[in-house]
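Novice: Here it is, the structure in full.
The values are calculated or read from the model by the stated rules, or taken from the named source; none is laboratory data. In this text, all values refer to a predicted model and were calculated from it rather than measured experimentally. Reconstructed Cβ throughout: ideal geometry from the backbone, glycine too, with neighbour counts over all protein chains shown.
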Amino acid sequence: MPHTSHSQTPDAPDAAAQGLTTTEREQISRRARALWQEEGCPQGRDRELWAQAELQVLKGRTAFRDGR
(Lines give C-alpha, C1' and ligand atoms only; values in the text may rest on other atoms or scores of the structure.)
Protein backbone atom coordinates (compact mmCIF):
# COMPACT_ATOMS: atom_id res chain seq x y z
CA MET A 1 0.00 0.00 0.00
CA PRO A 2 1.47 3.36 -0.91
CA HIS A 3 2.40 5.64 1.93
CA THR A 4 0.12 8.64 2.08
CA SER A 5 1.49 9.94 5.37
CA HIS A 6 4.65 9.72 7.41
CA SER A 7 3.46 6.61 9.25
CA GLN A 8 5.10 3.27 8.57
CA THR A 9 2.18 1.05 7.64
CA PRO A 10 2.81 -2.44 6.27
CA ASP A 11 3.56 -2.61 2.56
CA ALA A 12 3.05 -5.60 0.29
CA PRO A 13 6.23 -7.60 -0.08
CA ASP A 14 6.74 -7.80 -3.84
CA ALA A 15 7.24 -11.57 -4.04
CA ALA A 16 4.29 -12.32 -1.75
CA ALA A 17 1.96 -10.06 -3.73
CA GLN A 18 2.52 -11.94 -6.99
CA GLY A 19 -0.33 -14.21 -7.97
CA LEU A 20 -2.93 -12.26 -6.01
CA THR A 21 -5.84 -10.42 -7.53
CA THR A 22 -6.18 -6.67 -7.01
CA THR A 23 -9.12 -7.34 -4.69
CA GLU A 24 -7.10 -9.80 -2.61
CA ARG A 25 -4.18 -7.35 -2.33
CA GLU A 26 -6.59 -4.61 -1.22
CA GLN A 27 -8.19 -6.89 1.40
CA ILE A 28 -4.78 -7.94 2.69
CA SER A 29 -3.62 -4.35 2.77
CA ARG A 30 -6.66 -3.30 4.83
CA ARG A 31 -6.17 -6.22 7.22
CA ALA A 32 -2.42 -5.54 7.54
CA ARG A 33 -3.16 -1.90 8.40
CA ALA A 34 -5.70 -2.99 11.03
CA LEU A 35 -3.20 -5.43 12.55
CA TRP A 36 -0.51 -2.73 12.53
CA GLN A 37 -2.81 -0.33 14.34
CA GLU A 38 -3.94 -3.01 16.83
CA GLU A 39 -0.26 -3.68 17.63
CA GLY A 40 0.38 0.00 18.37
CA CYS A 41 1.88 0.94 14.97
CA PRO A 42 5.22 -0.89 15.44
CA GLN A 43 8.08 -0.19 13.07
CA GLY A 44 10.00 -2.96 11.35
CA ARG A 45 7.22 -5.56 11.40
CA ASP A 46 5.67 -4.80 8.01
CA ARG A 47 6.52 -8.17 6.43
CA GLU A 48 5.36 -10.09 9.50
CA LEU A 49 2.05 -8.23 9.67
CA TRP A 50 1.53 -8.51 5.91
CA ALA A 51 2.11 -12.27 6.08
CA GLN A 52 -0.32 -12.57 9.00
CA ALA A 53 -2.95 -10.56 7.11
CA GLU A 54 -2.37 -12.60 3.96
CA LEU A 55 -2.92 -15.86 5.84
CA GLN A 56 -6.11 -14.55 7.42
CA VAL A 57 -7.57 -13.22 4.16
CA LEU A 58 -6.61 -16.21 2.02
CA LYS A 59 -7.74 -18.70 4.68
CA GLY A 60 -11.13 -16.99 4.64
CA ARG A 61 -11.26 -17.20 0.85
CA THR A 62 -10.43 -20.92 0.91
CA ALA A 63 -13.03 -21.64 3.61
CA PHE A 64 -15.66 -19.78 1.56
CA ARG A 65 -14.76 -21.73 -1.58
CA ASP A 66 -14.85 -25.02 0.32
CA GLY A 67 -18.29 -24.20 1.75
CA ARG A 68 -17.16 -23.88 5.36
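Yes/no per residue for (1) crowded, with 16+ Cβ neighbours inside 10 Å; (2) among the hydrophobic types (A, V, I, L, M, F, W, C):
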{"position": "G19", "(1), (2)": "no, no"}
{"position": "T22", "(1), (2)": "no, no"}
{"position": "E26", "(1), (2)": "no, no"}
{"position": "R30", "(1), (2)": "no, no"}
{"position": "D46", "(1), (2)": "yes, no"}
{"position": "L49", "(1), (2)": "yes, yes"}
{"position": "E54", "(1), (2)": "yes, no"}
{"position": "L58", "(1), (2)": "no, yes"}
{"position": "R61", "(1), (2)": "no, no"}
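Novice: Is it true that A12 is modelled with pLDDT of 60 or more and closer than 20 Å to G60 by Cα?
Specialist: The answer is yes for A12.
Novice: Taking the condition part of a loop (DSSP other than H, G, I, E, B) and modelled with pLDDT under 95, does G44 pass?
Specialist: Spelling it out, it is not the case that G44 is part of a loop (DSSP other than H, G, I, E, B) and modelled with pLDDT under 95.
Novice: Among what's in the range 32-44 and is surrounded by 13 or more Cβ atoms within 10 Å (Cβ to Cβ) and touching a Ser or Thr at 6+ places or on another chain (Cβ under 8 Å), pick the residue that is nearest to G60 (Cα to Cα).
Specialist: Among those residues, the one meeting the criterion is A32.
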